[in-house]
1. Cβ-Cβ distance below 7 Å, separation of 6 or more or different chains: which pairs start in segment 33-47 with a residue that is in the same structural domain as residue 12 (by TED's automatic domain parsing) and under 16 Å from residue 94 (Cα atoms) and end on one that is polar (S, T, N, Q) and surrounded by 12 or more Cβ atoms within 10 Å (Cβ to Cβ)?
2. Where the second residue is assigned to a helix (DSSP H, G or I) and the first is loosely packed, with under 11 Cβ neighbours inside 10 Å and lies in segment 89-118, which pairs have Cβ atoms under 6 Å and are six or more apart or on separate chains?
3. Keeping to segment 60-111, report how many residues are assigned by TED's automatic domain parsing to the domain that holds residue 43 and over 23 Å from the mean Cα position of the chain (by Cα).
4. Being under 27 Å from residue 19 (Cα atoms) and either among the aromatic types (Phe, Trp, Tyr) or surrounded by 10 or more Cβ atoms within 10 Å (Cβ to Cβ) (or both) is the filter here; which residues of segment 53-88 pass it?
5. Restricting to segment 1-56, count the residues that are aromatic (Phe, Trp, Tyr) and either touching an Asp or Glu at 6+ places or on another chain (Cβ under 7 Å) or at pLDDT 80 or above (or both).
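The values are calculated or read from the model by the stated rules, or taken from the named source; none is laboratory data. The shown structure was predicted, so the numbers you read here are calculated from the model rather than taken from an experiment. With ideal geometry, Cβ positions are generated from the backbone for all residues, glycine too; neighbour counts draw on all protein chains shown.
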Amino acid sequence: MTHPITVPLELVEKWGHDANLSGVPYNDEHWAYEQHIATRAAQWGADQELLACGNYLKQCAAWEEEDVIEFYNYRRPEPKPYSLKEQALSDLTHAYNADKIDDTTFENLRRALEQLDD
């Protein structure tokens, strides 16, 4: 049995504004906006499913509140902050997608950054 998950329009609008892609013109080569919306929608759907599972487990006699909280924390651990290398690669990609640097510069910088330890 499938359960249709429909993302509320208000969330889609919020995610669109949250994308914060100023300076990145929309065209068929730049899918950053769509990628942002798709990623947020997938995360929202997964979170809804996790909450539904947790609510079901709370109804089971063998699961205590602490067990369900541990289950949530296991499935959604706190994210680690970006390393300097990861942040630099992300910034480089955003600059490239905004046509701020050329292909050769991008590839040279990307390769140099990827050789660094985290």
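1. Every condition considered, no pair remains.
2. 118/85
3. Result for segment 60-111: 9.
4. Just the residues of segment 53-88 that are under 27 Å from residue 19 (Cα atoms), to begin with: 72-73, 75-88.
Across segment 53-88, the qualifying residues are 72, 73, 75, 76, 82, 83, 84, 85, 86, 87, 88.
5. In the first step, residues of segment 1-56 are kept if they are aromatic (Phe, Trp, Tyr); the result is 15, 26, 31, 33, 44, 56.
Adding the requirement that they be either touching an Asp or Glu at 6+ places or on another chain (Cβ under 7 Å) or at pLDDT 80 or above (or both) leaves 44, 56.
Count: 2.
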